[in-house]
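Everything below concerns the one structure shown next.
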Amino acid sequence: QVRLVESGGGLVQPGGSLRLSCAASGIIFSIDVMGWYRQAPGNQRELVATITSGGRTGYADSVKGRFTISRDNAKNTVFLQMNSLKPEDTAVYSCNALQGGTWYWGQGTQVTVSS
């Protein structure tokens, strides 16, 4: 069983930055993929970014050039650096992790971009 806990959300003005963190704990032997998703009110959950254990990354078109995903394999932690934030980035951001063929999810952290 893997437990994921996100942190770093909050209220930020348009154009500002936030850095989200997601720490994995529990029975961890080899986490393959970690990623970030988001869900805004009334919308479906959408993929934001993913990163493999080898460091290969992927991004949604809407965040390319503004968001950067990274991970610390030794600490089983994934990060999402979000720059040039826009009001449309407002959502609950959740991380997930793939281990042993099972996806695990965190509870999410709220990000609000507003002046």
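Where a number appears in this text, it was derived from the coordinates with a stated rule and is not lab data. This one's a predicted model, so the numbers in the text were calculated from it and none came from an experiment. As a convention, Cβ positions derive from the backbone with ideal geometry for all residues, glycine included, and neighbour counts pool all protein chains shown.
Structural remarks
- Amide H contacts for residue 16 (H built 1.01 Å from N in the peptide plane; partners 5 or more residues away or on another chain; cut-off under 5 Å): 85.
- Cα lying deepest toward the dipole's positive end in region 54-109, options 69, 102, 54, charges on Cβ: 54
- Projecting the Cα atoms of 16, 2, 41 onto the charge dipole of region 1-86 (Cβ charges, centred on the Cα centre) puts 16 farthest toward the positive pole.
- Estimated vicinal HN-Hα couplings, Hz - region 16-31 in sequence order (Karplus 6.51, -1.76, 1.60; Gly, Pro = x): x, 10, 9, 10, 9, 10, 9, 9, 9, 9, x, 8, 10, 10, 6, 8
- Efficiency of FRET between residue 110 and residue 74 - r from beta-carbon atoms, R0 25 angstrom, step 0.05: 0.30
- Part-to-part distance (alpha-carbon centres) for region 18-77 and region 89-103, which is given in Å: 7 Å
- Placing a label point 7 Å from the Cα of residue 25 along the Cα-to-Cβ line, the residues of region 100-114 whose backbone N sits under 15 Å from it are 106-107.
- DSSP beta bridges in the chain [antiparallel fraction, %, rounded to 5]: 95 percent
- Evaluated with a Cβ-only charge set (Lys, Arg +1; Asp, Glu -1), the chain carries a dipole of roughly 140 debye about its Cα centre, given to the nearest 20.
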